[in-house]
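The values are calculated or read from the model by the stated rules, or taken from the named source; none is laboratory data. Bear in mind that the values here come from a model prediction, so they are computed numbers and not experimental data. Cβ placement follows ideal geometry from the backbone for every residue including glycine, while neighbour counts extend to all protein chains displayed. All accessible areas refer to the heavy atoms of the entire protein, side chains included, with ligands and DNA or RNA removed. Shrake-Rupley method; radii C 1.70, N 1.55, O 1.52, S 1.80 Å.
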Amino acid sequence: MKIFIDTGSLEEIEEAYSSGIMDGITTNPSLMKKAVEELKKSGQMLDMEDYIKRILKAARGTPVSLEVTSSDYEGMVKEGIVLFKKFNPVAGNVVIKVPCNTSIEGQNRHFDGLKAIKALSSEGIPVNCTLIFTPEQALLAAKAGAKMVSPFAGRIDDFIRLKNSMHFGKSDYFPVQGIEKDGKKLEDNGVTSGIDLVAQCAEIFRYYGINAEVLAASIRNTRQLRDASLAGADIATAPLEVIKAAMRHPKTVEGVKVFSADVVPEYAAMGNGK
Ligand code: E4P
């Protein structure tokens with residue numbers, strides 16, 4: 001499974017890529033807002049275009065998802081083309097992120113996302129379809145030509161908890177005790193957790209030989225990262241803290257301490273080239 005970092009922070013991207021194992025970057029308007037606010041707070045001048053170019057170069061040839069901000073078909077296509085033409089020449093790694101459906105209450109724009117994915121993909125622009133909360137949204141997005149589809153694991157967990165008045169912290173693993181609470185089956189629309197959503201998308205794609213990659217997004221803890229790989233996700237995108245936490249274990253710390261203490265001088269001398 002490929003591992004992407006989910007951030008708009010250049011500092012975090014550079015730290016993650018120093019590991020040598022990163023496969024890509026996902027951004028969204030909220031992550032960019034957080035990064036921009038932090039830069040401004042630290043008194044740094046911001047040239048947005050230059051900042052994006054630095055992110056693209058820091059990705060070392062791996063894909064970087066840049067999200068459109070329009071919500072109508074024409075606007076998303078125009079913006080996707082502008083972003084791709086402006087930034088793809090920098091490092092050849094731009095992917096345009098398009099929500100599967102931009103319709104909000106009272107609007108009938110149910111197909112604008114799909115139409116935009118189709119139009120951008122037909123121009124040869126790779127699309128990451130975002131805000132996927134059901135396997136059927138993933139299927140339709142893949143049919144429209146998306147290269148990647150992003151089921152939001154953490155946010156579907158938030159949704160199921162809220163719908164069933166369960167209170168957990170944002171980074172808690174879910175389901176904590178299966179899919180029942182107080183002897184009642186949870187209202188979950190047949191998707192029992194964020195990871196179950198990822199697994200269902202992966203299963204459908206496998207079943208039909210669909211080439212789009214399942215990108216497990218909204219990953220908030222290391223168990224979700226592990227479970228995304230067990231569920232057959234092609235990619236998981238996670239914040240830097242989750243990627244770092246995936247490397248931690250108290251027994252690793254203990255082992256490092258014991259091994260360091262046990263090194264005899266003769267053995268240490270060999271590694272020092274003496
Ligand atoms: C990724 O593409 C999404 O933008 C991101 O994973 C959302 O994560 P969140 O639900 O923790 O904000």
Check your understanding: Looking at this structure, is ASN211 open to solvent by 100 Å² or more (accessible area, probe 1.4 Å) and either at pLDDT 70 or above or not charged (D, E, K, R) (or both)?
Key -> yes
**Study point:** Cβ pairs under 8 Å, 6+ apart, first in the range 119-134 and more than 13 Å from the ligand (Cβ to nearest atom), second modelled with pLDDT under 95 and among the hydrophobic types (A, V, I, L, M, F, W, C)
**Key:** THR134/VAL191
Review point. Which of (1) assigned to a helix (DSSP H, G or I); (2) at pLDDT 95 or above; (3) open to solvent by less than 30 Å² (accessible area, probe 1.4 Å) does THR237 not meet, given it meets every other one?
Key: (1)
Study note, to complete from the structure: Log entry, pairs with first residue in the range 90-115 being small (Gly, Ala, Ser), second being part of a loop (DSSP other than H, G, I, E, B), beta carbons closer than 7 Å, six or more apart or on different chains, reads ALA91/ALA59; ALA91/GLY61; SER103/ARG109; SER103/HIS110; GLY113/CYS100; GLY113/ASN101; GLY113/THR102
Point to revise | Enumeration of residues in the range 106-124 that are surrounded by fewer than 14 Cβ atoms within 10 Å (Cβ to Cβ) and either in a strand (DSSP E or B) or polar (S, T, N, Q) (or both) | key: GLN107, ASN108, SER122
Check your understanding: Within the range 196-234, which residues are assigned to a strand (DSSP E or B) and among the aliphatic types (A, V, I, L, M)?
Key -> VAL214, LEU215, ALA216, ALA217
**Study point:** Whichever residue in the range 71-105 is at pLDDT 95 or above, of a type in the set (Val, Ile, Thr) and more than 16 Å from the ligand (Cβ to nearest atom) and, among such residues, is surrounded by the fewest Cβ atoms within 10 Å (Cβ to Cβ)
**Key:** VAL82
Review point. Of the conditions (1) assigned to a helix (DSSP H, G or I); (2) more than 18 Å from SER229 (Cβ to Cβ); (3) modelled with pLDDT of 90 or more, LEU162 fails just one. Which one is it?
Key: (3)
Review point. Can you pull out the residues in the range 240-250 that are outside any loop (DSSP other than H, G, I, E, B) and among the aliphatic types (A, V, I, L, M)?
Key: LEU240, VAL242, ILE243, ALA245
**Study point:** Matching entry among SER71, SER121, SER65 (being more than 24 Å from ILE3 (Cα to Cα) and of a type outside the set (A, V, I, L, M, F, W, C))
**Key:** SER71
Exercise for review: For residues that are outside any strand (DSSP E or B) and under 12 Å from the mean Cα position of the chain (by Cα), tally how many sit in the range 9-36.
Suggested key: 4
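Looking at the range 53-70, which of its residues are within 16 Å of the ligand (Cβ to nearest atom) and open to solvent by 30 Å² or more (accessible area, probe 1.4 Å)? Don't jump to the end; show me each part of the working.
Here is the first cut: in the range 53-70, the residues within 16 Å of the ligand (Cβ to nearest atom) are 55, 59, 62-69.
Listed by number, the residues that qualify are PRO63, GLU67, THR69.
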Practice item. Have a look at SER30, SER18, SER42 and point out the one that is surrounded by fewer than 17 Cβ atoms within 10 Å (Cβ to Cβ), farther than 30 Å from ARG109 by Cβ and modelled with pLDDT of 95 or more. Key: SER18
